Amino acid sequence: MTEKMSGDEFLMLVRRRRSCRKFKSDPVPDELVEKILEASRWAMSGANGQPWEFIVIRNQATKDKIAEIFLNARQRVFAVERTRVEEVRMPAYTHRPDQVPSLKGAPVVIAVVGDSRTLQASVLSSNFSFGEGGAGAGYYKNMANATQLLCLAATAFGLGAQWVSVSSWEESLKALLKVPEELHVPTLVPIGYPDYKPAPPYRRKLAEIVHHEEYDRSRFRSGDDIYNFLADLRRRTREAYVHGI
């Protein structure tokens, strides 16, 4: 009889997932990495376009170079982030960032590589008209689905993972990893055994986010409500970023 996960077990898995920013040096077995990638390849994608590919990075010199590229870009982000009042500033940028233990110390870093040409698997209008967040947004949703499953699978196998967004430093990263010009690297995912206990989770209560039949406008949040939410969010989640600063 094939074993299967119950709905409650799946819910427990989802709740257990955390962003891990510091890892033990213990190696991650190849078979676990393969299983994590196997889970990720089953992600949903529009019209089954499957835009994802993966680069598994273990070489320390490569990881050090990735961290260097990231830190150079991070200084520019810091310059902008510090213009915000500190109570709503991203905690990782409260002080000048000078290290990235998740990229340098993780035994494995997985580069999630995407091919936006696969968007043509879906309706033609998705390539140039607005819908689902704008032209081409469906491609990034596809990539996000694969990354989400990758992180959940890592949790299922007792590992930690972090979703690291790649932005202005993508071209430098692509050059380092010899990624063809036509492809993208929107995300990196460091994976390993956590070297600390991640901060307690925080999510809005279900009653705050679920509406029935139509939007309950009495619960619509004003601009002030959103600001207060962000300030409270920073207070609640600041600890989660301590290991990434």
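What's the ranking of 225-238, 189-202 by average number of surrounding C-beta atoms within 10 Å, highest first?
Ranking, from highest mean packing down: 189-202, 225-238.
What is the packing order of peptides 177-186, 112-121, 205-214, taking the mean over residues of other C-beta atoms within 10 Å and listing the highest first?
Taking the mean over residues of other Cβ atoms within 10 Å, the ranking is 112-121, 177-186, 205-214.
Using θ = phi - 60° and the Karplus form 6.51 cos²θ - 1.76 cosθ + 1.60, what ³J(HN,Hα) does each residue of the range 208-221 get, whole Hz, x for Gly and Pro?
Listing the rounded values in order: 7, 10, 9, 10, 10, 6, 7, 5, 7, 5, 5, 9, 5, 8 Hz.
Roughly what % of DSSP beta bridges within the range 16-244 run antiparallel, to the nearest 5?
In the range 16-244, approximately 95 percent of DSSP beta bridges are antiparallel ones.
As I understand it, the dipole of the range 115-193 uses +1 on the Cβ of Lys and Arg and -1 on the Cβ of Asp and Glu, about the Cα centre. Which of SER129, VAL166, PRO180 lies farthest toward its positive end?
VAL166
Each residue of the range 151-160 in order: what ³J(HN,Hα) in whole Hz does its phi give by Karplus 6.51 cos²θ - 1.76 cosθ + 1.60, θ = phi - 60°, with x for Gly and Pro?
Running phi through 6.51 cos²θ - 1.76 cosθ + 1.60 with θ = phi - 60° gives 5, 5, 5, 4, 4, 4, 9, x, 10, x Hz.
Take the alpha-carbon centre of the range 59-83, take the same for the range 172-216, and report the distance between them in whole Å.
Taking the Cα centre of each part, the range 59-83 and the range 172-216 sit 18 Å apart.
Is there a quick way to get the dipole size of the chain? I mean about its Cα centre, with the Cβ of Lys and Arg at +1 and of Asp and Glu at -1; what is the value in debye to the nearest 20?
That gives a dipole near 800 debye.
In the set [x] 24, 21, 16; [y] 28, 21, 17; [z] 27, 25, 23, which value of semi-axes √(5λ) of the Cα gyration tensor in Å was calculated from the structure you see?
Matching entry in [x] 24, 21, 16; [y] 28, 21, 17; [z] 27, 25, 23: [z].
Filter the trypsin sites (Lys or Arg not before Pro) in the range 1-53 down to the DSSP loop ones having no more than 11 other Cβ atoms within 10 Å, then list what survives.
For trypsin sites (Lys or Arg not before Pro) across the range 1-53 that sit outside H, G, I, E and B with at most 11 neighbouring Cβ atoms in 10 Å, the list reads LYS4.
Using 0.36 nm per residue, how much length does the chain from GLU181 to ARG236 gain when fully extended, once their Cα-Cα distance is taken away?
Length gained, GLU181 through ARG236: 15.7 nm.
Residue by residue, what Karplus-based ³J(HN,Hα) values in Hz, rounded to whole numbers, does the range 66-74 have, using 6.51, -1.76 and 1.60 with θ = phi - 60° and x for Gly and Pro?
4, 4, 5, 4, 5, 5, 4, 6, 5
Here, each number is a calculation from the coordinates, and none is a lab measurement. Fair warning: this is a prediction, and the values are worked out from it, not measured in the lab. Using ideal geometry, Cβ is built from the backbone for each residue, glycine included, and neighbour counts are taken over all protein chains shown.
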